Amino acid sequence: MENLSEKAILCPMNEDSLKINEQALKKLPGQNKMYFSADSIICEDQEEQNNFPLDFINTLTPSRMPPHKLNLKVGAVIMLLRNLNPSTGLCNETRLIIRKLMTNVIDAEILTGHIQKVRVLLFQE
């Protein structure tokens, strides 16, 4: 699996990469676990909130952002999209392999960088 940490598939559209990710997940044994993004709008004006229906916002996947519904499996290789904690090796584009999926926590092992083979916990807020 460490071999996969050095590979990448480039896609012109986010929806293409999501399709490829789903195909790769189907090849892994085990059960999927779905994680959802936070879906609330912080806005001082209540009227302004009505201009942004959550059903519509949840369908958007801007560049460098994960989808609203993130489907994962143990054994999948994932990549961080932002710096979480650079001193512990959790930097943008760090690749990890999922070791365990819990309700609001992903237990993963770092595959790249200077702190390889270290286990980390990624918490969902």
Considering residues that are open to solvent by 80 Å² or more (accessible area, probe 1.4 Å), among the aromatic types (F, W, Y) and within 25 Å of V105 (Cβ to Cβ), the number found within the stretch 27-82 is 1
I115 fails exactly one of the following numbered conditions: (1) open to solvent by 60 Å² or more (accessible area, probe 1.4 Å); (2) out of contact with any strand residue (DSSP E or B) (no Cβ under 8 Å at 6 or more places or on another chain); (3) closer than 22 Å to E6 by Cα. What is the number of that condition?
-> (1)
State whether the residues of the stretch 83-93 include one that is touching a Lys or Arg at 6+ places or on another chain (Cβ under 6 Å) and open to solvent by less than 100 Å² (accessible area, probe 1.4 Å).
-> yes
Hits in the stretch 11-21 - residues which are more than 23 Å from I110 (Cβ to Cβ) and open to solvent by 70 Å² or more (accessible area, probe 1.4 Å) | P12, M13, E15, K19
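Table: residues versus (1) at pLDDT 80 or above; (2) out of contact with any strand residue (DSSP E or B) (no Cβ under 8 Å at 6 or more places or on another chain); (3) among the aromatic types (F, W, Y).
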| residue | (1), (2), (3) |
| --- | --- |
| N50 | no, yes, no |
| D55 | yes, yes, no |
| R64 | no, yes, no |
| N71 | yes, no, no |
| L84 | yes, no, no |
| T88 | yes, no, no |
| C91 | yes, yes, no |
Listed residues T103, T112; which is in a loop (DSSP other than H, G, I, E, B) and in contact (Cβ under 8 Å) with a residue 24 or more places away in the chain?
-> T112
Count of residues meeting criterion [within 12 Å of the chain's Cα centre (by Cα) and either in a strand (DSSP E or B) or not charged (D, E, K, R) (or both)] in the stretch 64-88 = 14
Quick one: is T61 of a type in the set (S, T, N, Q), outside any strand (DSSP E or B), out of contact with any helix residue (DSSP H, G or I) (no Cβ under 8 Å at 6 or more places or on another chain) and under 19 Å from F36 (Cβ atoms)?
-> no
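The values are calculated or read from the model by the stated rules, or taken from the named source; none is laboratory data. These figures come from a predicted structure and were not determined experimentally. Backbone-built Cβ (ideal geometry, glycine too); neighbour counts: all protein chains shown. SASA here: full protein model, heavy atoms, side chains in, ligands and nucleic acids out. Shrake-Rupley method; radii C 1.70, N 1.55, O 1.52, S 1.80 Å.
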